[in-house]
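The values are calculated or read from the model by the stated rules, or taken from the named source; none is laboratory data. It should be emphasised that the depicted structure is a prediction, and the values quoted were computed from it without experimental measurement. Please note: Cβ atoms are built from the backbone with ideal geometry, for glycine as well, and neighbour counts cover all protein chains shown. Note: accessible area is taken over every heavy atom of the protein model, side chains too, but ligands, DNA and RNA are not part of it. Shrake-Rupley method; radii C 1.70, N 1.55, O 1.52, S 1.80 Å.
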Amino acid sequence: MTHVLNAFFDCFFLAAMVIPPPVRPPRLLNFLKPYVLKMHFTNKFVHAQVIHSPTATVAASASSQEKGLRTSMDITRDVAAASKIGKLLGERLLMKDIPAVSVLFKKEQRYHGKVKAVIDSVREAGVKLL
């Protein structure tokens, strides 16, 4: 009888013990590319933002929907608007002392048209692209 009770208690205590998860090293990508440029294009506007990946916060953003830019642009959705957004975003990044960003393309985005205009104008503003 005692043998059965000991086996029961051993199983009970083993099930009650919590095994901690293994300690994993931090992801290398978080250190190599902390700032990521993301772009979004709608039928009316162009949006671009740089996100700080480790903290998941927006470091800088620019949009053709901003009131100050709407008056200076005739059309807020074409390639010229995208290049103005990229230039403005590059200036804002340099003001915040962010010298380099990496670009994240969505599945359907190619380096062509508005995407190319934003990236080239950010590069021309003085921000290094990784």
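Annotation: residue 88 fulfils all but one of (1) closer than 12 Å to residue 37 by Cβ; (2) part of a helix (DSSP H, G or I); the unmet one is (1). The combined condition, being at pLDDT 90 or above and either farther than 14 Å from residue 34 by Cα or assigned to a helix (DSSP H, G or I) (or both), is not fulfilled by residue 106.
In the range 37-56, of all residues being within 10 Å of the chain's Cα centre (by Cα) and touching a residue at least 60 places away in the same chain (Cβ under 8 Å), the one that is most open to solvent (accessible area, probe 1.4 Å) corresponds to 38. Within the option set 62, 100, being more than 12 Å from residue 35 (Cβ to Cβ) and open to solvent by less than 70 Å² (accessible area, probe 1.4 Å) holds for one residue only, 62. Residue check: residue 111 meets all listed conditions (1) within 18 Å of the chain's Cα centre (by Cα); (2) assigned to a helix (DSSP H, G or I); (3) surrounded by fewer than 17 Cβ atoms within 10 Å (Cβ to Cβ) but one, namely (2).
When the range 75-97 is filtered for residues that are surrounded by fewer than 12 Cβ atoms within 10 Å (Cβ to Cβ) and either under 17 Å from residue 42 (Cβ atoms) or of a type in the set (Ser, Thr, Tyr) (or both), only 75 remains.
Spot the failing condition for residue 116; the list is (1) closer than 18 Å to residue 40 by Cβ; (2) touching a strand residue (DSSP E or B) at 6+ places or on another chain (Cβ under 9 Å), and only one is missed. Failing condition for residue 116: (2). For the range 46-65, the set of residues classified as assigned to a loop (DSSP other than H, G, I, E, B), in contact with a helix residue (DSSP H, G or I) (Cβ under 8 Å, 6 or more places away or on another chain) and over 22 Å from residue 128 (Cβ atoms) consists of 64 only.
In the range 114-125 there is no residue matching the filter, namely being exposed (fewer than 12 other Cβ atoms within 10 Å of the Cβ) and part of a loop (DSSP other than H, G, I, E, B).
Sort out which residues of the range 52-67 are more than 14 Å from residue 90 (Cα to Cα) and not aliphatic (A, V, I, L, M), and write them in order of number. If the condition is that a residue be more than 14 Å from residue 90 (Cα to Cα) and not aliphatic (A, V, I, L, M), then 52, 53, 54, 55, 57, 64, 65, 66, 67 are the ones that fit.
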